[in-house]
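Only one structure is covered here, and it is reproduced in the block below.
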């Protein structure tokens, strides 16, 4: 079976092919790729990556994988159907039995789908739903004070532009892979006849190797770890209120935030509008000494920070299936998250974590305080979380299920 994956980033395992810096995101793609390559089933894999620098673009072979590159700039330019031909050319070279498109967020997903439709391969296309920016955008300003909305409008407009062809992709595609009630509902709203196929994700190897390793006695008490606060959808502006409330009882609270630092100037010396908003809130609430922004972390660094945390928090305004939440659950870190998007499909309230209404920060503060104080509850959530994560993300089960989906699509 020949399977072609169309990815929205260059996975770190193949960054050397294009002589670019490793990108430590989209671990679910790396995890599934390794599981497929390690399986004893005969699957030939081709990978398509967006490359922005024309001098770095190449089609090549690396180990047992064929690699193709497309013009990454297509994701940021007005619609131009000439890009369809780039994918037709790749399809004709690789002759795939299955075309898997990772995500609908970028324009190349539209061009890839159109190309398959043009040459009669649409029934062999399956889209792996990551997030749906068309739906995400409606939450972009949730909880943002009116006078600051103008500051982040430019980012919002880029968000809208990024997903401008997403709805057309979802209406055209026949098969999607998903794993939450939210992604089932949203894809069905765009395309009621779409063939929705349940398929969990595989995590990065190191999280399996460290499964259940979190230990209450070894964590830093009254500490919180958040994996991202880069833009408004991640909800950090709403979480500031939570920190303020918890801090009244626990003035020693420490909140560590990973990922791109929104309050730090970029290479051009500019701070984003959202970064300015966050800085304003931090100063207004006087909580700066409780915060630590780490910047981008390696896989090992992410694990170490999670293991040190008393609580892992996902304060997002909307999510489908937060990958870092799944990774934290695998380690056994107690979880508090907003009840939004697909998160209730990933966290069973009171069993594997605690969920609160995103605009009711006082409940988030209450649950965090509960986990600071109730060791029995902490241990119960931790144990249940690890068991659930091991079952849901079992590499053999997920890979066999994906291959069964492939086979059914090939012989349809």
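Read-outs throughout are calculated quantities, based only on the coordinates presented, and are distinct from any laboratory measurement. None of these values were measured; they are calculated from a predicted model. Note: ideal-geometry Cβ built from the backbone for every residue, glycine included; neighbour counts use all protein chains shown.
Counting alpha carbon pairs within less than 8 Å and at least 6 residues apart, what relative contact order, in whole percent, applies to the chain? Walk me through the intermediate numbers first.
Working: 761 pairs, mean separation 62.4, N = 412.
Relative contact order of the chain: 15 percent.
Kindly work out what percent of the DSSP beta bridges joining two residues of the chain are antiparallel, to the nearest 5. Write out the running numbers ahead of the final one.
Details: 4 of 47 bridges.
Here the share of antiparallel DSSP bridges comes out near 10 percent.
Projecting label points 7 angstrom from Cα along Cα→Cβ for residue 41 and residue 391 puts them 2.3 nm apart. Whole angstrom only: what separates the Cα centroid of segment 43-81 from the Cα centroid of segment 137-216? With segment 43-81 and segment 137-216 each reduced to a Cα centre, they are spaced 23 Å. Helix 153-162 and the long axis of the chain differ in direction by around 30°, with both axes built from C-alpha atoms.
Counting only DSSP beta bridges whose two residues both lie in segment 235-392, roughly 10 percent are antiparallel.
In which sequence would 343, 134, 388, 60 go, from the one with the fewest C-beta neighbours within 10 Å to the one with the most? Walk me through the numbers before you get to the answer.
Values: 343 25, 134 22, 388 19, 60 12.
Neighbour counts put them in this order, fewest first: 60, 388, 134, 343.
Mind checking the full-extension length gain between residue 362 and residue 339? Use 0.36 nm per residue of separation minus the Cα-Cα distance, one decimal, nm. Provide the component values of the computation, followed by the final result.
Details: separation 23, 0.36 × 23 = 8.28 nm, distance 1.38 nm.
In short, 6.9 nm is gained.
The C-alpha atoms of the chain define a longest principal axis, and helix 236-249 lies at about 30 degrees to it.
Based on DSSP H runs of at least 4 residues, each adding -39500 (n - 2.57), what is the mean residue ellipticity at 222 nm of the chain after dividing by all its residues, to the nearest 500 deg cm²/dmol?
Values: 17 runs with 174 residues, N = 412.
The helix-only estimate for the chain comes to -12500 deg cm²/dmol at 222 nm.
If the chain linking residue 56 and residue 300 were pulled fully straight, counting 0.36 nm for each residue of separation and taking away their Cα-Cα distance, it would gain 85.0 nm. Using the Cβ-Cβ distance between residue 157 and residue 380 with R0 set to 45 Å, the FRET efficiency works out to roughly 0.50. Exposure proxy for 348, 40, 252: other Cβ atoms within 10 Å of each Cβ, ordered fewest to most, give 40, 252, 348.
At a 10 Å Cβ-Cβ cut-off, how would you order 126, 313, 43, fewest neighbours first? Could the numbers behind the result be given before it?
Details: 126 22, 313 31, 43 17.
So the ranking, lowest neighbour count to highest, is 43, 126, 313.
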